[in-house]
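Here is the structure we will look at.
The values are calculated or read from the model by the stated rules, or taken from the named source; none is laboratory data. All of these numbers come straight from a predicted model, not from anything done at the bench. All Cβ positions, even for glycine, are placed from backbone atoms using ideal geometry, and neighbour counts span all protein chains on display. Side chains included, ligands, DNA and RNA excluded: accessible areas come from the protein's heavy atoms. Shrake-Rupley method; radii C 1.70, N 1.55, O 1.52, S 1.80 Å.
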Amino acid sequence: MQYNRFPTNNTSRNKQIQRCRDGHDCLLQHDNSNEHNSLYSHPCRWSELCREMNNNSEHARLFTHEPHRVSLCKYGTDSCTKLTDPEHRRDHRHEGLPDFLAQCRYKAECRDHSTEHLKKFAHPMSFYQQSQNFKINSRNNQTQSSIFNQKACRYGSDCRNRSDPEHCNRYSHPMMTTSSQSSNSSTKSFTPQLLFTSTNNSTTRIPRKLPTSNSHMCGGGDDMEHAYRIGGALALDSLSKSDQQAIQTMSADKIIVVPGSYDHIDRVLSSLNIKFITVQQHEISTYPFRADQTVYINCTSTFPKEAAKRLRQEVEKGLHIITTDWALAHIHDVAFSDFIRYNRQSTRDEVVGIQVADSNHPLVNGFLPASKHAQPQWWLETGSYPIEIINRDKVRTLIRSETLGRNYHSDAVLVTFDCGRGNVIHMISHFYLQRSETRDSRHQMSAQQYALDIKASPAATTLVAQQGQNLNYAQIQSSSTSAQFIYNQLSTRLNSRK
C-alpha cells in the first residue's frame, strides 16, 4: 500500500520533495543543513502518531508519516530498561516517546553519556561500547546469574533467533564458528561448521522444525550438491550455446559472494561450476567494486550500516546485488528503504506454491514450462522476512505466492528494481537448501519425468535418467528452478556488458 506523504498540503509551497535515502540515519537533517532539508524529506520520529502531520505546516511538508507497524513494549515506558537502545526503540513502541532516536551530530565523539541524552539520540556502536549508561542486551553482556538460569534452546546452533536479545536471555546456544571467514579468493573449499550433522553416511541440515511426512529435506552435503548438479544441467541446457560459453569462460571476479549467517549461495554456485570470489562484510566499505560485477549477499543476522550504504553508492554506479531473507532488514531497511523493506512479520517453516508474476522478464525464463504440469514450490524457513514494497512504480515482483500473501500480508517472493545505473534483486528465504513437498502424484514421479515435461534435450534427459534415479519430480523441480534463475541472471548480465 502506498501512503501519501503530504496528505493535507495543497498550497504551492508544499510541493513534493524527494525522500532522503538515509531516512532516520541522516545526519544532515540534524546538522542545520537548510539546503539538504529543503531538497529532501525525512521520516518523522513519531511516525503516524505525529500531531502535526495533518496541519498545513512546514513540518508536514518536510517529513513523512508512514505507519510504523510494531507492538507496544510489554514493559511499558515506565518500566522498560531499553529506552536508550536504538534497535529496541525501533522495534517496540513506547507511549509518550517517539519511535526513533535522532542521530547525534557529534557521533562517536559525543561527550554526553547521560541517560536523558541517550533516550533522544542514537550514536555509533563505538560510542556505546564506552558508555556505562547503555546496556546492550546480548549474550556477551548477560550477567552470570542469568546464564546459570538459562535453558538450552531446542534448536541449538541452528536457531534463527540468536540475534534476539530477549530470546538469548532465556535460552543458551552452542558457540558457532565458520571456516568461511578467510580472504581466500576462492570459496570452493567452504565448509560450514555446526550447521550439519552426519546421518547414515550422508550430511543433512538439522531442520528448525521437523518437516511433515510428505516433505523432503533436500539437505546439505552430497544430497544437496547432487540435486543442484542435476537441476543445473537442465537449467544450463535451456540457454543458448553462446550464453553457455560466456558463463563457462567468464573471469572469477565477475561474481562476488559475501558470507552471511545462514544462506550459502557459494555452495550452490560451486555445485553449478560457477566461478566466484569472496569479499567479507568488513571489506565492503573499501573494496574496489566494478560496474560489471554481481554481488551475492547471503542472509545475515548482522551487517555494518556503513557497508550497506556503500553498496547503495556502488549500485547507483552500475553494480548489481542479489540478497536473501534477513538482508531485507539489515541492508534494504538501511540503504534501500525507498524501494523495499521488512514488513515486521515472520514466517513459519513451510513450503508454499509460487506463481510467475512477470512472465516477460528474462530472469524467470524457464519457470513457465515447469509450472504447466506441477506448481513450483518455495521453502520458507522459520523466521523468514516478508517483503514490503514501498515504490510500486519501480519495484517489479517476478515471483509471487498467494499463500504467502494470505498468511503474511505480502505475496512477493522474488523482486527486482533498478537503482541508478545498477540493479537489485531480493528474495525471501534462501537459495541454499530449498526443500520440497510431494503434494500431488506428479511431485512423486521421477526426476526424468520432470525433464520430459520441460522438453529438455535428449542428452539432458538421459543425464537425469542415469544420475537422478534417487531424486523425485519435486526435488529436481526445486533445484532446477533455482539454478535457472542464477543462469538467467548471469547470461542477462553478461549480454548487457557486451
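Summary of computed values
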{"read-out": "Whole-percent carbon and sulfur share, accessible surface of the stretch 246-290, 1.4 Å", "value": "52 percent"}
{"read-out": "For the stretch 454-468, Karplus couplings with θ = phi - 60° (6.51, -1.76, 1.60), whole Hz, Gly/Pro x", "value": "8, 6, 5, 5, x, 5, 5, 5, 5, 4, 5, 4, 7, 10, x"}
{"read-out": "Residues with amide H under 5 Å from that of Val351, placed H, sequence gap 5 or more", "value": "Leu380"}
{"read-out": "Listed residues Leu363, Leu39 arranged by accessible area, highest first, probe 1.4 Å", "value": "Leu39, Leu363"}
{"read-out": "Segments 336-347, 459-470 sorted - mean Cβ within 10 Å per residue, highest first", "value": "336-347, 459-470"}
{"read-out": "Amide H partners (placed H, <5 Å) of Arg93, local residues excluded", "value": "Ser71, Leu72, Cys73"}
{"read-out": "For peptides 380-390, 95-105, sequence by mean Cβ density within 10 Å, most packed first", "value": "380-390, 95-105"}
{"read-out": "Long-range HN-HN contacts of Ala122 with modeled amide H, under 5 Å", "value": "Ala102, Gln103, Cys104"}
{"read-out": "The stretch 482-489 - phi-based ³J(HN,Hα) in whole Hz, Karplus 6.51/-1.76/1.60, Gly and Pro as x", "value": "5, 5, 4, 4, 4, 5, 4, 5"}
{"read-out": "Subset of Lys74/Lys309; Lys107/Lys305; Lys254/Lys317 violating a 24 Å alpha-carbon distance limit", "value": "Lys74/Lys309"}
{"read-out": "Burial ranking of peptide ranges 485-491, 237-243, 83-89 (average Cβ count within 10 Å, highest at the top)", "value": "485-491, 83-89, 237-243"}
{"read-out": "For Ser79, solvent-accessible area (1.4 Å; no DNA, RNA or ligand), Å²", "value": "80 Å²"}
